[in-house]
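Read the figures in this text as sums done on the coordinates, not as results from a lab. These numbers were taken from a predicted model, which means no experiment stands behind them. Note that each Cβ is placed from the backbone with ideal geometry, even for glycine, and that neighbours are counted across all protein chains shown.
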Amino acid sequence: MESSGDEGLQYDEHRLWHNRGVISILRKERKVVRAFQEAGAISPSSAKRLDDVQVRSGLGLRRLRDRVVIREAQPDRFYLDEEVWMALSRTRRRVSLAVLALIVLLFVGVLAVKRLIAW
């Protein structure tokens, strides 16, 4: 069964759009975090309505609420838990570095095997 070169192109194009989507989501999350910081809604006592923070309900806000970065202090009053945000950022950074390290190890392994086969 032959495969055309178009399948690989479609896969690469899909990965590119997926990466853009991830970057877009992270950008939305940072925008929500910045809005809460600028509004001073960073503790239960300083919690504000979303309208006051000028944040619309959307994917960025929903993801941050799911991860308990944005918390509801009282009905319809929200604040940014900066400690949780920093912990989430550290975790994301560690995961990214681990994935990068695995890619480098895989690359080095492939090169080593190629040299052994060629030798």
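Worth a mention:
- Residue, nearest to Ser57 (Cα to Cα), within the stretch 70-115, restricted to residues that are surrounded by 11 or more Cβ atoms within 10 Å (Cβ to Cβ) and aliphatic (A, V, I, L, M): Ile70
- Every test in (1) assigned to a helix (DSSP H, G or I); (2) touching a residue at least 40 places away in the same chain (Cβ under 8 Å) is passed by Tyr79 save one, and that test is (1).
- Any pair with Cβ under 7 angstrom, 6 or more apart, that starts in the stretch 61-73 at a residue that is in a strand (DSSP E or B) and ends at one that is surrounded by fewer than 16 Cβ atoms within 10 Å (Cβ to Cβ): Ala73/Pro44
- Taken across the stretch 93-105, residues that are touching a helix residue (DSSP H, G or I) at 6+ places or on another chain (Cβ under 9 Å) and not acidic (Asp, Glu) do not occur at all.
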